Structure formats: structure tokens, C-alpha cells
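One structure below.
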Amino acid sequence: MSIDASLRERAARVVPGGMYGHLNAALHGPGYPQFFVGGQGCRQLDADGREYIDLMCSWGPVVLGHRHPAVEAAVTAQLAAGDCLNGPGPVYVELAELMVETVPQADWVMFSKNGTDATTQALMVARAATGRTKVLMAHGSYHGADPWCTPSPSGTTPSERADLIEYTYNDLASAEEAAARAEGDVAAIIVTPFKHDSFEDQELAAPEFARGLRALADRIGAALVIDDVRGGWRLHLGGSWETLGVRPDLYAFSKAMANGHPIAAVTGVDALRGPAQTIYSTGSFWFNAAPMAAAKATIETLRDIDGVALIERAGTRLREGLAAQAASHGFVVNQTGPVQIPWLSFEGDTTLDKGMFWASACLREGVYLHPWHNWFLSAAHTDADIDRALLGTDAAFARLREEFGAD
Ligand code: PMP
């Protein structure tokens, strides 16, 4: 029995279902390992010692590569000095200053731990500011795992979602209609910087949609909240909609902000500083200093090496390589989303049979990507690493052709 299988068996005895949530490998397809033991740069090692070129980056957090020396040195030094103390360390102020300097929208920042903390906290600030109840969100958008936003209703009550009114991503008219339905009671419009729902091709935000949401929020006196938990720090260091010239009232960040260390943040505009002071929002580990030191080192490094450009270069090389391979093997594929956070689907593959087969074949070739969730690239992916990944994807296309024939 493999080490992975034996760990799964033991886990199943002591954890409900063995594993819960999005990291449950049973959801990812045949052959996906559940347990990992190491990571270095853009490579990860599973519990049975198989090494992969990592095109998931731990589902987003790892943006500079695993065990980046500057980040790990900052964490080690902070751990040696003290991490979980009676109050935050000076690094709390240093990181807040760095974020206010880096994100043009930000006049202030509040820290927490996970993306869900940040989206929930942003909505609390919006409600405190407006005294209103409803939130407009795009149908199918993922904003976290709390009862108000979890995609699965099990364990929640309908009332916990009752204040959400859905619109359609990139359809401004639907957002206007959703606002009209709320009859003056909209506290916030929440939106992701691009449409990245699982199981679906991604969609970039149309500039007129982004500008239109900003104008709608202003007109009805609601806060515009960008959930940049997934997109943040890969598309633009100043917040992802800097690329469109649209600034929200509140940004929610997490995932990539500390290269894998646990921290999240909400940044806000001056007008919301007062309301932000009134909400009660805290956690036992929210003020730990080591993840703050990691975030400071990550943001400084991304800035100093122009990390976004490096990730974009890797993503472009991957996209072009995959396009050429798919065509040469006779497949019609859709490559969607920004190149830094890409996804590939097979045309007409509604059952995901081809996508699952191809992803599993990539895995066997030492390339870790995903059949129904977008992938993430990092600044550690060199041209040689992408070329190594492309060797694996090419072999996987060949196997797919043997199994399914060309399109
Ligand atoms: N918002 C978005 C857009 C996300 O992608 C995620 C995580 N996948 C979250 C919120 C929730 O973040 P977390 O899992 O850290 O709570």
C-alpha cells in the first residue's frame, strides 16, 4: 500500500470522511495524492516521494515559490523573537504602512487570517457604514466558507443567505435590477476581479462592467467590495482592478499576500475608517507576528523583482505552449482567465471526461494542475520549468488522443 493510501485509511478513522473541503483529493480525479511532504520553488513532493511541477501553487498562496529564502528568513527571525504575544509586534504597523503605500485605494488596513475572514469583515464594514442589510453578489461566485457564502447549504439556515441578491457577472443590467429589487437597502456590491467559478471557463471583467458597478455603487450609496482573495498579488500589486482603473471602497486580500503564511487583510478608503472602527472583529491568531513578517517580505520581494511581470511571462509561455500542443494533437481547447491564473477546458466536454483524463495523465507525467479549478503560476516558474511542464502536458495530450481520438 502506498504511504498516501495508508495515511488516508488512518485519516478516515479519526476525521469525518478523512478529508473535508476543497483539498479533498477524492474530488480531483484518479491518481491525485492527498498528502504532501515538501515544496521548493515551483516543485512539490507528495508523501510517496513523487515530485511535480506545481501549477496550483497550493491553490494560490504560493506566489514567489515554495520556501522563498527572503520570506522564510523573515519568518524564522520573527519566530525566534516571538510570534503569538499579548499584542501585535511592530511589524503590524510596518505591514499596514507598506500596504497603504502599495495599494493606491488603501487609506487603512485591517488584518485577519483567511479569505473568508476578509470578505466577511468587508461586508461588516459596509453594513456598519450604511446601516443597510442587503449584498449584491454574482451568481456562482465563491467568497468563502462561512454560512453566508458557502456553496453547500448543509449545516446552514436559509436566513443566513437571505440578504444576498444575485446578479450575473459582466451583466450590468442584471446588477441594476438586483439593486432595484433591494429597494434602497443595499449595503455592498461584492465582485471578484474576474469570473473564476469552478467547473466553468473563466471570464475577464469587461471594463464597462467594472466602471458600471462603480457608478452603480456610488449612485445607490453602497460600498463596492472587490474580493481579491484569489486574484490579488498576481495581476497587479495595487489591487487587481488597478488594471482597469477602477477602485473599490474595500478590497479583501489573502492567499498570495504572504507566500503561503496565514494572513488576510481588508483595505479601505477614508470614508469607511470610522465605521471600520465600530465593528467587533478579531481572532486568537489574527495578530501573530510571523505571518505579518512573511507578508511584508512577500510584498517587498514581489515589488523588487517585478513579480507580476515574471508570473505573466511564465503564464504566457504556458498558454502558448498548450495552444500549440492542443492544435497539433487535434483538440479544440479553451484557455481562459488571466495567464497568471489560467485554466484549460476541452470544447464540448460538459461531462469533464476529457478534462479529468487529461489532468490525471499530466499528474502521471509529473505536472500538478487541476481539472475543474483554475491554476496558479508563481514568480519561481522559469522558462525551463514551463518547458518541463509542457513536456508532460504534451505526453498527456497524446494519451488523451489514444483514449478519445482527436476532435
Ligand atoms: N474569496 C475568493 C475569491 C476565494 O478564491 C477564496 C478561497 N478560494 C475565498 C474568498 C475564501 O478564502 P479562504 O479559503 O482563505 O477563507
Of the listed residues (52, 32), the one being under 30 Å from residue 383 (Cβ atoms), in a loop (DSSP other than H, G, I, E, B) and touching a strand residue (DSSP E or B) at 6+ places or on another chain (Cβ under 9 Å) is 32
Some residue of the stretch 148-157 being more than 19 Å from the chain's Cα centre (by Cα), within 16 Å of the ligand (Cβ to nearest atom), within 28 Å of residue 209 (Cα to Cα) and at pLDDT 95 or above:
no
For residue 199, work out the one condition from (1) within 13 Å of the ligand (Cβ to nearest atom); (2) at positive phi; (3) of a type in the set (A, V, I, L, M, F, W, C) it doesn't fulfil.
(1)
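Okay, residues lined up against (1) hydroxyl-bearing (Ser, Thr, Tyr); (2) in contact with a Ser or Thr (Cβ under 9 Å, 6 or more places away or on another chain):
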position: 54; (1), (2): no, yes
position: 63; (1), (2): no, yes
position: 71; (1), (2): no, yes
position: 78; (1), (2): no, no
position: 92; (1), (2): yes, no
position: 95; (1), (2): no, no
position: 100; (1), (2): no, yes
Subset of the stretch 218-264, residues among the basic types (Lys, Arg), outside any helix (DSSP H, G or I) and within 14 Å of the ligand (Cβ to nearest atom), comes to 230, 234
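To keep it simple, each residue is scored yes or no on (1) closer than 15 Å to residue 407 by Cα; (2) in contact with an Asp or Glu (Cβ under 9 Å, 6 or more places away or on another chain).
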| position | (1), (2) |
| --- | --- |
| 314 | no, yes |
| 320 | no, no |
| 355 | yes, yes |
| 377 | no, yes |
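Yes/no matrix, rows are residues, columns are (1) free of Cβ contacts under 8 Å to residues at least 12 places away in the same chain; (2) within 14 Å of the ligand (Cβ to nearest atom); (3) exposed (fewer than 14 other Cβ atoms within 10 Å of the Cβ); (4) of a type in the set (Lys, Arg):
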{"position": "129", "(1), (2), (3), (4)": "no, no, no, no"}
{"position": "163", "(1), (2), (3), (4)": "no, no, no, no"}
{"position": "167", "(1), (2), (3), (4)": "no, no, no, no"}
{"position": "171", "(1), (2), (3), (4)": "no, no, no, no"}
{"position": "179", "(1), (2), (3), (4)": "no, no, no, no"}
{"position": "182", "(1), (2), (3), (4)": "no, no, no, no"}
{"position": "186", "(1), (2), (3), (4)": "no, no, no, no"}
{"position": "191", "(1), (2), (3), (4)": "no, yes, no, no"}
{"position": "195", "(1), (2), (3), (4)": "no, yes, no, yes"}
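Quick grid of which residues meet (1) free of Cβ contacts under 8 Å to residues at least 24 places away in the same chain; (2) more than 23 Å from residue 356 (Cα to Cα); (3) surrounded by 13 or more Cβ atoms within 10 Å (Cβ to Cβ):
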| site | (1), (2), (3) |
| --- | --- |
| 5 | yes, no, yes |
| 9 | yes, yes, no |
| 14 | yes, yes, no |
| 17 | yes, no, no |
| 21 | no, no, no |
| 24 | yes, no, yes |
| 28 | no, no, yes |
| 36 | yes, no, yes |
| 42 | no, no, yes |
Matching option when the condition is modelled with pLDDT under 95 and not aliphatic (A, V, I, L, M), among 30, 69, 88
30
Taking helices (runs of 4 or more DSSP H) that fall entirely within the stretch 86-185, which contain at least 1 residues that are touching a strand residue (DSSP E or B) at 6+ places or on another chain (Cβ under 8 Å)?
90-102, 115-130, 172-181
Take residue 122 and tell me if it is at pLDDT 95 or above and within 16 Å of the ligand (Cβ to nearest atom).
yes
Can you name the residue in the stretch 59-74 that is closer than 20 Å to residue 198 by Cα and in a loop (DSSP other than H, G, I, E, B) and, of all such residues, is nearest to the ligand (Cβ to nearest atom)?
60
Output yes when any residue across the stretch 329-343 is at pLDDT 95 or above, assigned to a helix (DSSP H, G or I) and out of contact with any Phe, Trp or Tyr (no Cβ under 8 Å at 6 or more places or on another chain), and no when none is.
no
From 351, 393, residue being touching a strand residue (DSSP E or B) at 6+ places or on another chain (Cβ under 7 Å) and of a type in the set (Val, Ile, Thr)
393
List every residue pair whose Cβ atoms lie under 9 Å apart, where the two residues are 6 or more positions apart in sequence or sit on different chains, the first residue falls within the stretch 53-70 and is closer than 22 Å to residue 144 by Cα and of a type in the set (Ser, Thr, Tyr), and the second residue, located anywhere, is outside any loop (DSSP other than H, G, I, E, B) and away from the ligand (no atom under 16 Å from the Cβ).
58/36; 58/39; 58/44; 58/66
Residues of the stretch 95-118 classified as surrounded by 21 or more Cβ atoms within 10 Å (Cβ to Cβ) and either at positive phi or charged (D, E, K, R) (or both), total:
1
Tell me, yes or no, whether the stretch 356-366 has at least one residue that is in a loop (DSSP other than H, G, I, E, B) and outside the structural domain of residue 201 (by TED's automatic domain parsing).
yes
Here are some conditions: (1) touching a Lys or Arg at 6+ places or on another chain (Cβ under 7 Å); (2) surrounded by fewer than 24 Cβ atoms within 10 Å (Cβ to Cβ). Residue 244 meets all but one. Which one does it not meet?
(1)
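The values are calculated or read from the model by the stated rules, or taken from the named source; none is laboratory data. Keep in mind that what you see is a predicted model, and the values were worked out from it rather than measured. All Cβ positions, even for glycine, are placed from backbone atoms using ideal geometry, and neighbour counts span all protein chains on display.
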